[in-house]
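Heads up, the thing below is written out as structure tokens.
The values are calculated or read from the model by the stated rules, or taken from the named source; none is laboratory data. Quick caveat, the model's predicted, so the values are computed rather than measured. Note that we place each Cβ from the backbone using ideal geometry, even for glycine, and neighbour counts take in every protein chain shown.
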């Protein structure tokens, strides 16, 4: 039961941009064993965690989709705060700045800015997403999620499908969700070890590039109107992720 509860917390958290699944695993104290077992394809001990995660993802997605429709600006302001605060966690392990890292930051910003589409909105998310984009999005989001400090949902924002995934979950659209889930399984089982090794070898460049992606893609989370409620929800999202990012230490 404890693993199911932890999985539920994990699933609910990773729906929010800026929240790293890897950081949650570190907080739970299972990160190192999880990576070792995934490399060996030993997933049986984590089935209760997976069940809880699926439940948490659905509950989190339903919650965000519901408030999106009624309180779009306040919701994106909250998510924008979450996303921007995650830069602390992304750059925490490599604070030094040099020309290569600044170049990676700039390249990431440009890529993130031009890769995202229109500002996210559940109301306009009903259009079909190419199945290959869904599969790739699931693979890279799940693989990135395992690395502490890297928020997997940010990958979905960069690809412009974050709101579509929330919409599919809300509508229980099984075909696109199955394609996305298949990509996620491939990402966790096949890509996580490779990405973890690349991250360890080129931590500085990758971290600054990803920070740039986050900054550039944040334009997808800009409110249409600004006011006190939008400011409060932005500060709330920023403060929450900033606090939990510090927990990784």
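Which one of these is exposed (fewer than 15 other Cβ atoms within 10 Å of the Cβ) and under 27 Å from residue 50 (Cα atoms): 186, 172, 158? Full working, then the answer.
Working: 186 fails: exposed (fewer than 15 other Cβ atoms within 10 Å of the Cβ); 158 fails: exposed (fewer than 15 other Cβ atoms within 10 Å of the Cβ).
Being exposed (fewer than 15 other Cβ atoms within 10 Å of the Cβ) and under 27 Å from residue 50 (Cα atoms) holds for just one of 186, 172, 158, which is 172.
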Check your understanding: Has segment 4-18 got at least one residue that is over 26 Å from residue 217 (Cα atoms), buried (at least 23 other Cβ atoms within 10 Å of the Cβ) and in contact with a helix residue (DSSP H, G or I) (Cβ under 8 Å, 6 or more places away or on another chain)?
Key -> yes
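Does segment 45-58 contain at least one residue that is under 13 Å from the mean Cα position of the chain (by Cα), more than 19 Å from residue 195 (Cα to Cα) and not in a loop (DSSP other than H, G, I, E, B)?
Filtering segment 45-58 down to residues under 13 Å from the mean Cα position of the chain (by Cα) leaves 57.
Checking which are more than 19 Å from residue 195 (Cα to Cα) leaves us with 57.
If we keep only those that are not in a loop (DSSP other than H, G, I, E, B) too, we end up with 57.
Yes, because at least one residue in segment 45-58 is under 13 Å from the mean Cα position of the chain (by Cα), more than 19 Å from residue 195 (Cα to Cα) and not in a loop (DSSP other than H, G, I, E, B).
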Exercise for review: Being modelled with pLDDT under 85 and under 20 Å from the mean Cα position of the chain (by Cα) is the filter; apply it to segment 95-114 and report the residue that is farthest from residue 204 (Cα to Cα).
Suggested key: 114
Check your understanding: Do any residues in segment 237-249 that are farther than 16 Å from residue 22 by Cα have Cβ atoms under 8 Å from those of residues that are surrounded by 12 or more Cβ atoms within 10 Å (Cβ to Cβ) and modelled with pLDDT under 80, where the two are at least six apart or on different chains, and which pairs are they?
Key -> 237/16; 237/18
